[in-house]
Amino acid sequence: MPDTTDISTRGGFVRKGIVAVALAALAVATASPAGAQPIDCEDFGRTQTYYGWGPSLHYGKTVTVAYAPSECSGSWSDGAFSYSVAGTATIFEGKHPAGSTIATLPFSNKGSFTDPDGQGWPPAWWSCLSSADVSWQISDIYSFRATASDGGWSLGINVSGASPFRWSYSAC
């Protein structure tokens with residue numbers, strides 16, 4: 001059964017805690033450095049309600065998105081974990097997936113990050129990683145990208161029809 005995550009903001013500002021919750025909501029499959037293990041697509045399926053940010057900004061109201069992955073892969077190389085997920089995002093009006101369907105669009109989630117401890121997904125968010133590049137997007141309406149270089153993190157959220165959000169953090 002997919003996880004459900006409600007994320008809200010006040011005054012349209014995404015705070016560090018909210019961003020951390022959003023990223024933690026992506027926490028799923030683990031692979032072993034002893035060899036690439038297949039990523040279970042089911043682990044990436046989730047339902048998330050957006051209030052005042054992300055896809056809700058695009059539609060101008062609270063929406064719930066049901067993410068249904070159909071293709072997944074992951075691999076290890078020289079202490080780095082890389083993965084790719086693709087599928088469909090069904091967007092519903094309101095706080096539950098029982099609302100009216102607004103759209104069904106492609107979504108993707110991909111990235112790579114150093115992982116000296118061999119934990120696989122998820123990366124050690126906001127820690128002193130030497131490198132990370134993780135993105136999540138719903139085609140044509142929403143994109144989210146987090147990058148790290150020598151412990152310096154940058155986050156960018158872009159929503160069609162809204163001002164971009166940028167945030168940075170130094171973990172080292």
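Please treat every number below as a calculation from the coordinates, not as lab data. Keep in mind the model is a prediction, meaning the values are calculated, not measured. Please note: Cβ atoms are built from the backbone with ideal geometry, for glycine as well, and neighbour counts cover all protein chains shown.
Counted over all Cα-Cα pairs of the range 104-162, pairs farther apart than 16 Å make up 47 percent.
Here the range 99-128 is scanned for amide nitrogen atoms under 18 Å from the site 7 Å beyond the Cα of S168 along Cα-to-Cβ, giving 126-128. The separation of the range 44-69 from the range 119-143, counted between C-alpha centres, amounts to 18 Å. The slack in the chain from S77 to D117, taken as 0.36 nm per residue of separation less the alpha-carbon distance, amounts to 13.1 nm.
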